[in-house]
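Written out below as structure tokens is the structure these notes cover.
The values are calculated or read from the model by the stated rules, or taken from the named source; none is laboratory data. Since the model is a prediction, treat every value here as computed from it, not as a measurement. Quick reminder, even Gly has a Cβ in these numbers, built from the backbone with ideal geometry, and neighbours come from all protein chains shown. Each accessible area value is taken on the protein alone, full model and side chains, heavy atoms only, with ligands, DNA and RNA left out. Shrake-Rupley method; radii C 1.70, N 1.55, O 1.52, S 1.80 Å.
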Amino acid sequence: MTTHHAKIQIQTRGDCDMIDITERVEDIISKSGMSSGVCTVFCQGSTGSIITIEYEEGLLKDFPDAMERIAPRGTTYEHHLRWHDGNGHSHIRASIIGPSLTIPFVNGELTLGTWQQVTFVDFDNKPRMRTIHVMLVGE
Ligand code: ZN
């Protein structure tokens, strides 16, 4: 049993920006030399999430639209009243969706479906430089 840790840095545009990071995660697995185990992908920060989704034009509109219905930006948030940073909706969305994902990998490959991409979502209300941690546990 061994572990391998790596970071992915990404510049985002904020406002529900969705970035396909599948290839970057696969690259980390391939460089680790490990063959099987679990891969945890974790967003450092309380306004971002890691999801899987079919990364195509329709869903890239549907997902932000659904988030707008679940935690709309225009309503009152105590967080905003307290900190005046306007991102109460960002925190609520990130907490509901969650900061991380764990995916098994077998024979050096993630066990993803063909139409299932690992995607980082930046819920914050401004562009940000983000750090995503990838931790492999296995052999
Ligand atoms: Zn805030």
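The residues of the chain expose, per residue, 55 Å² of accessible area to a 1.4 Å probe. By how many degrees, between 0 and 90 and to the nearest 10, does the Cα long axis of helix 22-32 differ from the longest principal axis of the chain? Approximately 40 degrees, to the nearest ten. Listed by chain and number, the lysines whose alpha-carbon sits under 30 Å from that of residue 31, ignoring those within fewer than 8 places in the same chain, are 7. To the nearest 10 degrees, how steep is helix 88-97 against the longest Cα principal axis of the chain, on a 0 to 90 scale? The answer is roughly 30 degrees. Its Cα centre serving as origin, the chain has a Cβ charge dipole (Lys and Arg +1, Asp and Glu -1) of approximately 520 debye. Within 10 Å of each candidate Cβ there may be at most 15 other Cβ atoms; applying that plus a DSSP loop requirement, which GluC sites (Glu not before Pro) in region 1-83 survive? When the GluC sites (Glu not before Pro) of region 1-83 are filtered for loop state and at most 15 Cβ neighbours within 10 Å, 54, 56 remain.
Taking R0 as 41 Å, what FRET efficiency do you get between residue 3 and residue 79 from their Cβ-Cβ distance, rounded to the nearest 0.05? It comes to 0.70.
Summarising the label geometry, the points placed 7 Å from Cα in the beta-carbon direction at residue 35 and residue 96 lie 4.3 nm from one another.
The residues neighbouring residue 42, those whose beta-carbon lies less than 13 Å from its own, together hold a net charge of +2 under the Lys/Arg +1, Asp/Glu -1 convention.
Listed values for region 50-66 are Karplus-derived 3J(HN,Hα) couplings in whole Hz (6.51 cos²θ - 1.76 cosθ + 1.60, θ = phi - 60°), namely 10, 10, 10, 7, 6, 7, 9, 2, x, 5, 5, 9, 5, 5, x, 4, 5, and x replaces Gly and Pro.
Averaging the sequence gap over all C-alpha pairs within less than 8 Å and six or more residues apart, then dividing by the number of residues, gives region 2-138 a relative contact order of 55 percent. Counting only protein heavy atoms and a probe of 1.4 Å, the accessible surface of the chain is 52% carbon and sulfur.
Loop only by DSSP, 12 or fewer other Cβ within 10 Å of the Cβ. Give me the chymotrypsin sites (Phe, Trp or Tyr not before Pro) in region 86-139 that pass, ordered by residue number. Within region 86-139, the qualifying chymotrypsin sites (Phe, Trp or Tyr not before Pro) (loop, at most 12 other Cβ atoms within 10 Å) are 115.
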